[in-house]
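The structure appears below as structure tokens.
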Amino acid sequence: SSFGRGPVGTSIRENRPVWIEDFQHDPTTAEWHERGKLYGWTAAGALPLTLDGRTVGALALYTFTLDVLDDDGRGLLLEMAADISFALDSFARKKERAAIEARLLESEQRYRTLFADSSVPMLLLDSANGRIVDANRAAAVFYGWNQTVLRQMNITAINTMSAEEIRKVFDLAKTGSKNHFTLRHRVASGELRDVEIFSTNIFLAGEHRFLATVFDVTTQKRAEQ
């Protein structure tokens, strides 16, 4: 128990090494004198073990001779306790990292399912250069290029605006100041289609992307004209 008053409890509670040089006569070990005598304990040491700076246990050593706890022995035990604490921190970081990676994988798989199965055309764009990172099946049907070809294209091959105008749109989308755009896109047949784009900022594998949802409003625009 961390509330104990013996060497281990004191080490945990006060976060410090506790050395017992005469186990059979030290008042802090009175409760264990009979047991110590039975096993031949002469000295003892308890060193706190930490996890993320918080004491979570102790390394306890019981010896048959006093010379084990000389200066060299204590130094070695202090190093050992520090190594164990470092290992505990490392295990915790690995566990936390694994949990984060699992959540990211689950989130990405959920995104992939929604993206791939959507009946609405969707493009995943590299926000740095406009490269089409991915396109769903609905986008392939709408634009007339298969998904493999679309993934090798840049949005400049589809969007009829100049590269400078596209960059301005990207800047607005990246800052979130605007996420709805009415544009004109070119499909594989050469026909121009009026589209409304809804852009969402997302991060995949640590990379910033635009998820562009595309709605064909050509018929509506022509009716308005």
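General observations
- All told, ALA212 meets the bar of being within 29 Å of ARG103 (Cβ to Cβ), touching a Pro at 6+ places or on another chain (Cβ under 9 Å), open to solvent by less than 30 Å² (accessible area, probe 1.4 Å) and assigned to a strand (DSSP E or B).
- Of all the criteria given as (1) in a loop (DSSP other than H, G, I, E, B); (2) more than 36 Å from the chain's Cα centre (by Cα), the one not satisfied by ALA30 is (1).
- Matching residues in region 215-225 - criterion: being open to solvent by 50 Å² or more (accessible area, probe 1.4 Å) and either aliphatic (A, V, I, L, M) or without any contact (Cβ under 8 Å) to a residue 60 or more places away in the chain (or both): THR219, GLN220, LYS221, ARG222, ALA223, GLU224, GLN225
- VAL133 aliphatic (A, V, I, L, M), farther than 12 Å from THR213 by Cα and over 31 Å from the mean Cα position of the chain (by Cα): no
- Only listed residue being touching a strand residue (DSSP E or B) at 6+ places or on another chain (Cβ under 9 Å), over 30 Å from LYS95 (Cα atoms) and either assigned to a strand (DSSP E or B) or in contact (Cβ under 8 Å) with a residue 60 or more places away in the chain (or both), chosen from ALA60, ALA44: ALA44
- Cβ pairs under 8 Å, 6+ apart, first in region 149-170 and farther than 18 Å from ARG193 by Cα, second part of a helix (DSSP H, G or I): ALA163/THR156
- Every residue from region 160-200 that is open to solvent by less than 60 Å² (accessible area, probe 1.4 Å) and either under 24 Å from GLU108 (Cβ atoms) or small (Gly, Ala, Ser) (or both): SER162, PHE170, ALA173, GLY176, ALA188, GLY190, ILE197, SER199
- Enumeration of residues in region 157-191 that are under 26 Å from THR219 (Cβ atoms) and of a type in the set (D, E, K, R): GLU165, LYS178, ARG184, ARG186, GLU191
- Residues of region 19-65 that are among the hydroxyl-bearing types (Ser, Thr, Tyr) and open to solvent by 40 Å² or more (accessible area, probe 1.4 Å): THR28, TYR39, THR42, TYR62, THR65.
- Positions within region 114-144 being open to solvent by less than 50 Å² (accessible area, probe 1.4 Å), part of a loop (DSSP other than H, G, I, E, B) and within 15 Å of GLU207 (Cα to Cα), in sequence order: SER127, GLY130
- Region 1-27, residues that are in a strand (DSSP E or B) and of a type outside the set (Phe, Trp, Tyr): VAL18, ILE20
The values are calculated or read from the model by the stated rules, or taken from the named source; none is laboratory data. Just so you know, these numbers come straight off a predicted model, no measurement behind them. Please note: Cβ atoms are built from the backbone with ideal geometry, for glycine as well, and neighbour counts cover all protein chains shown. The area values use the complete protein model at the heavy-atom level, side chains included, leaving out ligands, DNA and RNA. Shrake-Rupley method; radii C 1.70, N 1.55, O 1.52, S 1.80 Å.
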